[in-house]
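Q: What follows is a single structure, and I will ask about it in a moment.
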Amino acid sequence: MSEPVKAVATNFIRNIINEDLKHGKNGGRVHTRFPPEPNGYLHIGHAKAICLNFGIARDYQGLCNLRFDDTNPAKESEEFSRAIEEDLRWLGFEWHNTPYHASDYFEQLYKFAEELIEKGLAYVDEQDADAMRASRGTLTEPGTDSPYRDRPVAENLDLFRRMRAGEFEDGSMVLRARIDMASSNLNMRDPVIYRIRRQHHIRTKDAWVIYPMYDFTHGISDALEGITHSLCTLEFEDHRPLYNWFLDNITIDCHPQQIEFARLSLAYTITSKRKLSQLVTEGLVSGWDDPRMPTLTGIRRRGFTPRAIRRFCDLIGVTKKNTVTDMSILEDCVRQDLDAHAPRAMAVLDPVKVVIENYPEGKVEMLEAPRHPKTDLGTRELPMTREIYIDRADFRESANKKFKRMVLEGEVRLRNGYVIKCLQAIKDDEGNITELRCSYDPETLGVNPEGRKVRGVIHWVSASHSLPAQVRLYDRLFKESNPGSLSDFHEAINPESLRILDNCRVEASLGEVQPEQQFQFEREGYFCADRHDCKPGHLVFNRSVSLRDSWAKLDQGA
C-alpha cells in the first residue's frame, strides 16, 4: 500500500486519499489525470490543476495521465496539443504512458450509449435547440418531457445507428439521457450525450459524424483508464451526480471518485479563452506567448521559472472556497526564486556618457565581480575604461541628502569599482545632459576613502566594451484588479504594460547569453534573454519582475 510523502503539506484532497489508502480502497492505488481540451494554450489557472494532479501522483507513488479531451473538433488543433505537452514538460512533469485522448474511446463510448438505449435510459430527440431549451425548466420550475421521450427502444437504437451512419443533417436530432426532467439539478434533466456534427477531427479524420458530449465522455474515460481520483474545479460540482449516474448505469468495472476544488483566480488577469483569443486576434498583444499574457508559454517567455510557479501553487494551497489570489504573491515567488538562482549583471537602460578625465586613455583594467552575492557561481570580468555609461536617472545637478547617487561635486562608488567625483555636466542647446566629466580616486578600489563620505553606489558599463541591447519593460496587462468583471475588459488595459528601450548597454559578459537565461540586472530588476528574439549580436531582454512590488501602494489605495 502506498504511503504519502510526510513532508508534503496536507489538504482536504490528500486527507480523502489518505483515508482511501487506509481502508484499502482502489487496491491501494492512486491514479490521477490532467484532461485539457486542445483548443487553446494553457494558462496560469491550469498550473494549479497540473501541480495538483501530477504532484499527488508523485507523492503517493502513483500515476498521472495526460488525456486530451478532443470531443469538440471545431476548435481543436495539433498546435494546441503540442503546446500543452511542451508546457507540461517545462513545468517539470511527465505523464504516464503516451498521451491519451478521449477520441481513443469513441467506439467504446458509442457502445455504452447503445447500452443506455437498450436499458431504456437514453432516447433520440428531434426537437430543435430552442424547443429543448424552453422545455428544460428553470431553477424553480421543473422541465417538461420531450414528445420523443417515450420512443420504443428499438426505434431509438435504429435512429442512433442511422445518426452514426450520417443519414441525418447536423442539428436535426440528438441522443439524450433519460433521467429526471423534474430534478432540482438542471444537469440531470435529460442531458444531451451525442450530437450530429460533420467536422473533420484532428485524429479520427472523417470517421465520425456524431460526437459525445463532455459530461458523458469525462467519467467513462476516467473509468477506462483506471483513474482513482478525478480532480475537477468547483464548477463541476453540480455535474458530479451526472458523472456518477453514467458510471452506475453502464457495464464497467472502475468507478473513479470525482472531487472538486477551487480554481485559481488571479487578480489583474483574465483567463477566459475567448477573451484571451480576443487579445491576440485584435492585436492588443503580440501573440499567445506575449510575456504579458497569463498563458504558460507567455510567462515562460517573460522569465517566470517553473520552480516559482510550482512554489506559488503550493503556497496558495487547495481549498473548496473560490477566492482571488493577488498577483503580488506570484510575483514574489518569482522574485524569491530569481534572487536565489539568477546571476548578477549590470545594464544601463538609459545611458549617459561619463568621461573620467584622470583615467589614462587607452587603459583597460579588468575588475572582478561575483556572479552572485550568496551562491558560488564564480566571477565575471568588468572592463574599466576612461569612458563609461551610467543611467541618466542616477545623476542630478543638485539634490537633497535622500538622493544617494551622483550630484555635481559629489562622490559615488561605481559598483565593484572605484569612487568617482562629478566635476561638470555638459548639455546640448536644449539643456539636455549629453556627457558628465568626472575624476576617480585610484586608491578606492575595494577601499573606502578616508575622511570623505560617499553618497551611494551606482551601476555602470564600459563605453567601449559594453554591448547594445533592447530591453522590454513588461508590467501587468490590466490596471484593474478584476478586468473580467467589466462590461468591456478593454477599458482596463494598462497602457504602460510594455515599454521598449532600444538604446540600452549591457556588460560585456552577456555577449554569449543563451535564450531564456535569467539575470538580475543590478539595481534594475530581474530579466531574461528573450527565447525567440535574443541572438548573438542582437541582444533582447525581457523584464520578468522589478526588484520590488511597484503596485503595492496602488493596491493599498495610496
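Q: Just check region 159-281 against the gyration tensor rule for me: Cα atoms, a ≥ b ≥ c as the square roots of the eigenvalues, rounded for a/c under 1.5, and otherwise prolate or oblate depending on whether a/b exceeds b/c.
A: oblate
Q: Of the listed values (i) 33.1, 111; (ii) 65.7, 233; (iii) 30.7, 103, identify the label whose number matches Rg and Dmax of the Cα atoms in Å calculated from this model.
A: Recomputing Rg and Dmax of the Cα atoms in Å here picks out (iii).
Q: Taking neighbour counts of Cβ atoms within 10 Å as a proxy for exposure, in what order, fewest first, do ILE329, ILE259 appear?
A: Ordered by Cβ neighbours within 10 Å, fewest first: ILE329, ILE259.
Q: Which value at 222 nm does the chain reach when only helices count, each DSSP H run of 4 or more adding -39,500 (n - 2.57), with the total divided by all residues and rounded to the nearest 500 deg cm²/dmol?
A: -7500 deg cm²/dmol
Q: Report, in listed order, any pair from LYS374/LYS427; LYS427/LYS479; LYS374/LYS421 with a Cα-Cα distance greater than 32 Å.
A: Where the Cα-Cα span goes over 32 Å, the pairs concerned are LYS374/LYS427; LYS427/LYS479.
Q: Collect residues whose amide H, placed 1.01 Å from N in the peptide plane, falls under 5 Å from the amide H of ARG386; neighbours closer than 5 in sequence don't count.
A: Here the answer is GLY362, LYS363, since their amide H atoms fall under 5 Å of that of ARG386.
Q: Select from region 33-127 those trypsin sites (Lys or Arg not before Pro) which occupy a DSSP coil region and have at most 16 other Cβ atoms within 10 Å, ordered by residue number.
A: Within region 33-127, the qualifying trypsin sites (Lys or Arg not before Pro) (loop, at most 16 other Cβ atoms within 10 Å) are LYS119.
Q: Report the gain in length on full extension from ASP238 to GLU496: 0.36 nm times residue separation, minus Cα-Cα distance, nm rounded to one decimal.
A: Working it through step by step, the gained length comes to 88.8 nm.
Q: Students often forget the sequence filter, so: which aspartates and glutamates lie under 17 Å Cα-Cα from LYS401 once same-chain residues fewer than 8 apart are removed?
A: GLU409, GLU411
Q: Return one number: the angle in degrees, 0 to 90 and rounded to the nearest 10, between the long axis of the Cα atoms of helix 44-59 and the longest principal axis of the Cα atoms of the chain.
A: 80
Q: In degrees between 0 and 90, to the nearest 10, how far off the longest principal axis of the chain does helix 106-118 point, with axes built from Cα atoms?
A: So the inclination is approximately 40 degrees.
Q: On to the next question. Between the alpha-carbon centers of region 459-487 and region 385-415, tell me the distance in whole angstrom.
A: 24
Q: With θ set to phi - 60° and the Karplus curve 6.51 cos²θ - 1.76 cosθ + 1.60, what are the ³J(HN,Hα) couplings of region 479-495 in order, to the nearest whole Hz, using x for Gly and Pro?
A: With the stated coefficients, region 479-495 comes to 8, 9, 5, 10, x, x, 7, 7, 5, 9, 5, 4, 5, 9, 5, 7, x Hz.
Q: Against the longest principal axis of the chain, how steep is helix 78-91, in degrees 0 to 90 to the nearest 10, with axes from Cα atoms?
A: 60
Bear in mind that the values in this text are calculations on the coordinates, not laboratory data. Treat the numbers as computed from the prediction; the structure is a model and nothing was measured. Please note: Cβ atoms are built from the backbone with ideal geometry, for glycine as well, and neighbour counts cover all protein chains shown.
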